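Derivation of every value follows stated rules applied to the coordinates shown; laboratory data play no part. Note that the structure is a prediction, hence the values are computed from the model and not measured. Cβ placement follows ideal geometry from the backbone for every residue including glycine, while neighbour counts extend to all protein chains displayed.
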Amino acid sequence: MPVISYIEAVTQALREEMRRDERVFVLGEDVGKRGGVFRATMGLIDEFGEERVIDTPLAESAIVGVAIGAAAYGMRPVAEIQFADFIHPAVNQIINEAAKMRYRSNNDWHCPIVIRAPYGGGVHGALYHSQSVEALFNSTPGLKVVAPSTPYDVKGLLKAAIRDDDPVLFFEHKRCYRLIKGEVPEEDYVLPIGKADIKREGEDITVFSYGLALHFCLEAAERLAQEGISAHVVDLRTLYPLDKETICEAAAKTGKVLIVHEDNKEGGVGGEVAAIIAEEVLFDLDAPIKRLCGPDIPAMPYSPPLEKFFMLNTDKVYQAMKELAEF
Amino acid sequence: MPVISYIEAVTQALREEMRRDERVFVLGEDVGKRGGVFRATMGLIDEFGEERVIDTPLAESAIVGVAIGAAAYGMRPVAEIQFADFIHPAVNQIINEAAKMRYRSNNDWHCPIVIRAPYGGGVHGALYHSQSVEALFNSTPGLKVVAPSTPYDVKGLLKAAIRDDDPVLFFEHKRCYRLIKGEVPEEDYVLPIGKADIKREGEDITVFSYGLALHFCLEAAERLAQEGISAHVVDLRTLYPLDKETICEAAAKTGKVLIVHEDNKEGGVGGEVAAIIAEEVLFDLDAPIKRLCGPDIPAMPYSPPLEKFFMLNTDKVYQAMKELAEF
Amino acid sequence: MAENRHKALGLTDEQVVEMYYYMLLARKVDERQWLLNRAGKIPFVISCQGQEAAQVGAAFALKKGVDYLCPYYRDAAVVLVFGMTPRDLMLSAFAKPEDPNSGGRQMPGHFGCKRLNILTGSSPVTTQVPHAVGIALAAKMQRKNFVVYTSFGEGSSNQGDFHEAANFAGVHKLPVIFFCQNNKYAISVPLKKQLAVDSVAKRAVGYGFTGVSVDGNDPLEVYRVVKEARERALRGEGPTLIEAVVNRLVPHSSDDDDRTYRSREELEEAKKQDPIPRFRQYLLEVGAMTEAQEKEIAQRVQREVDEATEYAEKAPYAEPESALKYVYAEK
Amino acid sequence: MAENRHKALGLTDEQVVEMYYYMLLARKVDERQWLLNRAGKIPFVISCQGQEAAQVGAAFALKKGVDYLCPYYRDAAVVLVFGMTPRDLMLSAFAKPEDPNSGGRQMPGHFGCKRLNILTGSSPVTTQVPHAVGIALAAKMQRKNFVVYTSFGEGSSNQGDFHEAANFAGVHKLPVIFFCQNNKYAISVPLKKQLAVDSVAKRAVGYGFTGVSVDGNDPLEVYRVVKEARERALRGEGPTLIEAVVNRLVPHSSDDDDRTYRSREELEEAKKQDPIPRFRQYLLEVGAMTEAQEKEIAQRVQREVDEATEYAEKAPYAEPESALKYVYAEK
Ligand SMILES: Cc1ncc(C[n+]2csc(CCOP(=O)(O)OP(=O)(O)O)c2C)c(N)n1
Ligand SMILES: Cc1ncc(C[n+]2csc(CCOP(=O)(O)OP(=O)(O)O)c2C)c(N)n1
Ligand SMILES: [Mg+2]
Ligand SMILES: [Mg+2]
């Protein structure tokens, strides 16, 4: 199988879906000749033309709102928000409109849009080009929130998102774009939205994570294995609605749970994961449910030592996993 | 002590603060001659004039954005969002601006605004006049989120919010406005933002709630008391940042925890409450951490039986408390 | 005898009489809903009263079954022309599951019906405006020949979504008609506290397309400008912003009391401009409608409203658990 | 000899030479930052290059220490005139805690300094525009005599916040100057894909106040129109929207590569309009500046940039744990 990068998986999924289905088109700021500021839409305008690769005016609420109208009519828009930090002007369109169209019309209308947004830090992006904004959307029935961690998952889930009949927020960790590479089949495939994925089987502790942090968890698990500690690592993949079954099973399996994410701790999706476990499988636990997350500060500063302070890394995760294992 | 309604407490707090401090002013849609669609600002324009009681154009992002500018300059704006369901266009100004001004300027600037918004259902408000939107903001360092349940708390906390040097979101449950009455002292007082409040002492189970639902909990506790079950009822009051100390103490006290809120279950603030408990005092628990919340549907429908299906009430809470006590 | 203005616009006598019928129908459905509200039978009404001429004039200039609507909550007359029935509106008012707009899930005034090309709408104002632009974009991409009508109040034209959507439509020259019904109030807020420009239509300048202001009490003038806008759009010349100046003849909604902010004199003046008697008089004067026809229409409307009310009131409610349905696609 | 235009505007020779100094200073700080970036010493640059005349012209028409700024990321020249030093800018570029803008917490270009009446800014574009209106509202309420300057790119004038803020300011006739620096690109998106109106200034029509378009390569013309706007504002006549037409002489930022979307010919044309040599020539021609003075200024600028760079590079970083500070007020 060819090995490609996380961002190439995005581009491939877009290209293949646009070839497969004429109704699929992309819109956003600089997605055309520039190919997106991260180059995720590189080359698409050459193949599909200006009409299906639309450089929009600088207005996120319109990007999403126009996409909603087009989707309701029957198109399959994929909107790009240049940085997740700039999704906020579109929150009304996402939460009050896209997520509620099916419900409020009693299933008469629906809204199959995908909104892609690069999130997360570690790229000297400072307070407004590093944010994790998942928590904003993780309580919105009608919406699906996906945050893959590997090229394989990116491609399979982005395709699934485009084919999904409901609105999907697709969060891509920007630090993963060129850092994370992996095998991706050449044949067409989709992965199920709503399913968590066990990225590593283990017996002693269970770790839940997603995005860049998932890789730190896997690396730490590797190290711990050498010390005889076996970690069960679950990639949440879909952050809303959560895959409660897999979560509960995985938690019960080892009885020791650590939740790891880059997003702020308080109010982050890890809280809901912990709550599900504490409600459903409490008596299977042998230790408090631990969370290792970004500190509760607005976002990560530009200053390198401060950014580093905010970011997770393999060492920090290793430490937390080890402590839990030894509990 | 005089007995006043929940909404009268709002009006009193605003009037007294405007008298006390010239920098305090209110702005929002219909807050002037109309006195607000719920009449929370009734009479203020007569006493303080059009300049301090500003009927704004219909534009929530501007209401908050203009308030932020005025606050940064040194005023004390109290912005009203007519219904919490319409706060979404202002999310960018609230989360990216108000909440981050102090942090991003390294403490050079700060942003003492209050944003009041009526939330919650049970008033035939349907999908867009009934929403609980707390979860949107419960992961925003820099912001404080307050949601009082009694006239006493409303007045003391709204005054505290206005005097606070940081941005405060002040959520008023609209069903409480005229339903809930209570004693409120005539003397000036403030209550601490960030502190939960034990509304009833008990020994057998601990219930966390806020807003309208808190009253159902208190009524249910009363009923249970007659059956010999003693409930410890905690009003969260401040939803962000949560009062972790009081939460942990109260949970540990009885070892049985129920969290009750009208907002959707998945991603609601109850998840964070449960997570804190499961992380900090897990071994003090004798039962799974239960949550009784709104169902995970976009919001409550207009149709009376469907609205009733969504809403909590004393019976539903009683049932859940009883089950937990008997666990 | 008065000058016959509708012939010049290509409208037959039957058509203008039908316009009158729809204006009256919308008014009478609305009036009945207020009665039902005051009788405690329905919790909420939001009115089209005073705006029927603008709405019917606009709707007649559109092509039913072809064009799309992204209407706002006062557009009862528009959706009636597009095929919504009084029964549908009453089912919505009574929140019954047969309501085609939302199955009783939304408040009345939240129109939507795929069969009738009416996009589902919400309460936060102006969100429908970018949707209209999106449908128009799809039309352009799929080489379809229709226009999209979207409406909103003058207060709502101050929302960011209006600006962003208008700009987008201007850049892409999309077939959209932005129809602003300026009734001079946003709930209690009078025009001068809402905007400093003397006509909302002037805002079109900022987006590089045509803006037109029209007397919204005159259905024929409205018909004319909307028809022109439609033709421009179909020729690929892009959007038009139309301001129809109207009066709101009742409080903002059944929850409102307008006495604190609106003088009774002003309201009386507004009532004198009521477009319905004015249009009736015109039709009688030019001989497009006879007194007998008029009576018949009034009776027909009355009957339809009665039947609709009765049907909707008796219709069963949805099952409580149905609240759980249709959050996502169901297999 | 060329016509002396600055005297007619009430500007002395010293003042125009000072204007020239600031233009050059901003340019040289910017150029140095690109070098530092390419050398791997600072992660990011966002430039004012090509917009210095517009910025210095505007800033000189304002009253330093009295008026307020809500600037945007290209406004280096504006904040320099208002008292920010090259050292401050370099401390920000190197993300050092002494940076008065953010203590190294924000990327360069995110200006803010209470002492200098510069409101702290963020990255999401156009959010500063309502803030400016809010400060102006406070000024009006407190009967203070100052104006608020806020700037943004033409692409950003498509954001809802621009519209909502402009409308608010128009209704309340607030002392705000909306200063749009139209460099014809929003990153890679050319003007024709951003807006369909031929001048952003025309958008003022929709808000009932004055709009002016001006050659942003001419600091004196910009000075004139901003001064007039300031006077109008202080007379209580409300806001002005000014469009300064400029060129962006470099890629959007150090992360950008403009070759895929901008022809080299167009860029060469733009460089021919570079306002700095043009203004230098004017000053020399009218005799406001001597060649010796010019040389001296160039040396002074060079020295200041050198010193600033050296100081900032050597300055210590903040403690990692300082990241936890100032989320809320600290007692
Ligand atoms: C975003 C948003 N904010 C506030 C409201 C509450 N609201 C409903 S209608 C209305 C006034 C609308 O005025 P206008 O646009 O002039 O329309 P009209 O009702 O006069 O026809 C307001 C403030 C809302 N529905 N949506
Ligand atoms: C809300 C938001 N969306 C997207 C961006 C990313 N972005 C930064 S600058 C820019 C282009 C701005 O263009 P313009 O307003 O013309 O200003 P210029 O950079 O040309 O001076 C974009 C899209 C942003 N900062 N904020
Ligand atoms: Mg109106
Ligand atoms: Mg630009």
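Using the charge dipole of chain A (Lys, Arg: +1 at Cβ; Asp, Glu: -1 at Cβ; taken about the Cα centre), state which of A:S105, A:Y128, A:I259 has its Cα farthest towards the positive end. Working it through, the farthest residue towards the positive pole turns out to be A:Y128. Shortest first, B:Y189 label-point distances to identical copies amount to 6.5 nm, with the label point at 7 Å from Cα along Cα→Cβ.
Sparsely packed loop sites in the stretch D:112-206 (the trypsin sites (Lys or Arg not before Pro) outside DSSP H, G, I, E and B with at most 13 other Cβ atoms within 10 Å) comprise D:R143.
Annotation: the residues B:Y302, C:Y21, sorted from fewest to most other C-beta atoms within 10 Å of their own C-beta, follow the order C:Y21, B:Y302.
Note on the protein assembly as shown: dipole from Cβ charges, positive end direction compared against A:T140, A:L44, C:T12; the farthest Cα belongs to C:T12.
Chain C residue nearest the axis that carries C onto D, by Cβ, with distance in whole Å, is C:G160, 1. If you take every DSSP beta bridge fully contained in chain A, what fraction is antiparallel? Give it as a percent rounded to 5. Of all bridge pairs located within chain A, approximately 20 percent are antiparallel. Counting only other chain Cβ atoms within 10 Å of each residue's Cβ, the peptide A:69-81 averages 5.
Fully extending the segment from D:K314 to D:K192 would add 39.4 nm, taking 0.36 nm per residue of separation and subtracting the current Cα-Cα distance. The overall shape of chain D, judged from the alpha-carbon gyration tensor, is rounded, with an a/c ratio under 1.5. Between C:P43, C:N167, C:A95, the Cα set farthest toward the positive side of the dipole of the stretch C:29-187 (charges on each charged residue's Cβ, about the Cα centre) is that of C:A95. Modelled this way, with points 7 Å down the Cα-to-C-beta line, the labels at D:K271 and C:K140 are 3.6 nm from one another. Each Lys and Arg adds +1 at its Cβ and each Asp and Glu adds -1 at its Cβ; summed about the Cα centre, chain D shows a dipole of about 860 debye.
The fewest-to-most ranking of A:D164, B:D296, A:D263 by surrounding Cβ atoms within 10 Å reads B:D296, A:D164, A:D263. Listed values for the stretch D:162-178 are Karplus-derived 3J(HN,Hα) couplings in whole Hz (6.51 cos²θ - 1.76 cosθ + 1.60, θ = phi - 60°), namely 4, 4, 5, 6, 4, 4, 4, 5, x, 4, 9, 6, 8, x, 10, 10, 8, and x replaces Gly and Pro. Between B:E22 and B:K195, the simple label model (points 7 Å from Cα in the Cβ direction) yields a spacing of 3.3 nm. Applying both filters, DSSP loop and at most 14 other Cβ atoms within 10 Å, to the chymotrypsin sites (Phe, Trp or Tyr not before Pro) of the stretch B:1-62 eliminates every site.
When a/c reaches 1.5 or more, the comparison of a/b and b/c decides; with that in mind, is the stretch C:67-188 rounded, prolate or oblate per its Cα gyration tensor? Oblate, since a/c reaches 1.5 and b/c is not below a/b. Under 5 Å from the amide H of B:R291 lie the amide H atoms of B:I259, each residue being 5 or more positions distant or on a separate chain, with H modelled from the backbone and absent for Pro and chain starts. Of the beta bridges in the protein assembly as shown, as assigned by DSSP with both residues counted there, near 20 percent are antiparallel. For the stretch C:252-315 and the stretch C:102-127, what is the separation of their Cα centres, given in Å? The stretch C:252-315 and the stretch C:102-127 have Cα centres separated by 23 Å. Taking the label point 7 Å along Cα→Cβ, B:E203 and its counterparts in the other copies are spaced 4.6 nm apart, in ascending order. Extending 7 Å from the Cα toward the beta-carbon at both A:E227 and D:E98 defines two label points whose distance is 4.2 nm. Position D:E291: other-copy label points at 10.1 nm, ordered by increasing distance, label point 7 Å along Cα→C-beta. Within the stretch C:277-331, the GluC sites (Glu not before Pro) that combine a DSSP coil assignment with at most 14 other C-beta atoms in a 10 angstrom radius are C:E330. Charge tally for B:S5 (other residues, Cβ to Cβ under 14 Å; Lys, Arg +1; Asp, Glu -1): +2.
Close amide H contacts of B:H232 (hydrogens built in the peptide plane, cut-off under 5 Å, sequence separation of 5 or more or a different chain): B:G202, B:E203, B:D204, B:I205, B:T206, B:V207.
Using alpha carbons only, how many angstrom separate the centre of the stretch A:176-200 from the centre of the stretch C:3-23? Using only Cα atoms to place each centre, the spacing works out to 63 Å. Classify the stretch D:1-142 from the C-alpha gyration tensor, please: rounded if a/c falls under 1.5, else prolate or oblate depending on whether a/b exceeds b/c. Oblate is the answer for the stretch D:1-142, as a/c is 1.5 or above yet b/c matches or exceeds a/b. Dipole magnitude for chain B: computed about the Cα centre from +1 point charges on Lys and Arg Cβ and -1 point charges on Asp and Glu Cβ, it is near 420 debye.
Peptide A:128-139 is shielded by partner chain Cβ atoms: per residue, an average of 5 of them sit within 10 Å of its Cβ. Amide H contacts of D:V176 (H built 1.01 Å from N, in plane; Pro and chain starts excluded): D:V148, D:T240 sit under 5 Å, all sequence-distant by 5 or more or on other chains. For the segment C:93-103, counting C-beta atoms of other chains within 10 Å of every residue's C-beta and taking the mean gives 4.
Taking the helices alone, chain C has a mean residue ellipticity at 222 nm of -13500 deg cm²/dmol, built from -39,500 (n - 2.57) per DSSP H run of at least 4 residues and averaged over all its residues. Dipole magnitude for the protein assembly as shown: computed about the Cα centre from +1 point charges on Lys and Arg Cβ and -1 point charges on Asp and Glu Cβ, it is near 2600 debye. Residue by residue, the stretch B:280-297 carries 3J(HN,Hα) couplings of 9, 9, 3, 6, 8, 8, 10, 8, x, 7, 9, 10, 10, 9, x, x, 7, 10 Hz when phi is fed to the Karplus relation 6.51 cos²θ - 1.76 cosθ + 1.60 (θ = phi - 60°); x denotes Gly or Pro.
With the helix formula -39500 (n - 2.57) applied to DSSP H stretches of n ≥ 4, chain A reaches a computed 222 nm mean residue ellipticity of -10000 deg cm²/dmol.
Coupling constants for the stretch A:108-121 follow from the phi torsions by the Karplus curve (6.51 cos²θ - 1.76 cosθ + 1.60, θ = phi - 60°), and in residue order they are 7, 10, 9, 9, x, 9, 10, 10, 8, 8, x, 10, x, x Hz; glycine and proline get x.
Summary of the geometry: the stretch A:9-72 and the stretch B:40-84, compared by the centres of their Cα atoms, lie 40 Å apart.
When DSSP beta bridges are restricted to pairs lying wholly in the stretch C:183-267, around 25% turn out antiparallel.
The tail of the calculated P(r) for chain B, taken as Cα-Cα distances beyond 26 Å, holds 45 percent of the pairs.
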